[in-house]
1. Quick check on residue 87: is it near the ligand (Cβ under 10 Å from one of its atoms) and modelled with pLDDT under 90?
2. Do you know which residues across region 102-116 are in a helix (DSSP H, G or I) and either in contact (Cβ under 8 Å) with a residue 24 or more places away in the chain or more than 9 Å from the ligand (Cβ to nearest atom) (or both)?
3. Quick check on my filter: what residues within region 119-128 are more than 26 Å from the chain's Cα centre (by Cα) and either within 9 Å of the ligand (Cβ to nearest atom) or in a helix (DSSP H, G or I) (or both)?
Ligand SMILES: [Zn+2]
């Protein structure tokens, strides 16, 4: 579930600054008042009476990212290697490689459009 993290840092000669960060939220942060108490949402962080209501733009937001359940297991694909896969016409090659989130990306226009293409499929099939 979402969690509000508060960090404080002191700047010489100034008041202690507080920063807020929402981790795992499904909705962007906002502040609200409920029964006379102020909260940062989502996460139900109750602001103390002496705490200023933060600006929404000052609240960092790290949305909840579901893990892909059916992520293909690619034990034979090296993360630092660029694989060249022949185009369907056979006269050029597209570059397929693992991106930082662990899925394959292709340089062909079809991948850019649909986020999948036969080059990625082909590489996966030949790598299992
Ligand atoms: Zn492709």
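The values are calculated or read from the model by the stated rules, or taken from the named source; none is laboratory data. Keep in mind that this is a model prediction, so the values were computed, not measured. Every residue, glycine as well, gets a Cβ built from its backbone with ideal geometry; the counts of neighbours run over all protein chains shown.
1. So residue 87 passes the test.
2. 113, 114
3. 122, 125, 126, 127
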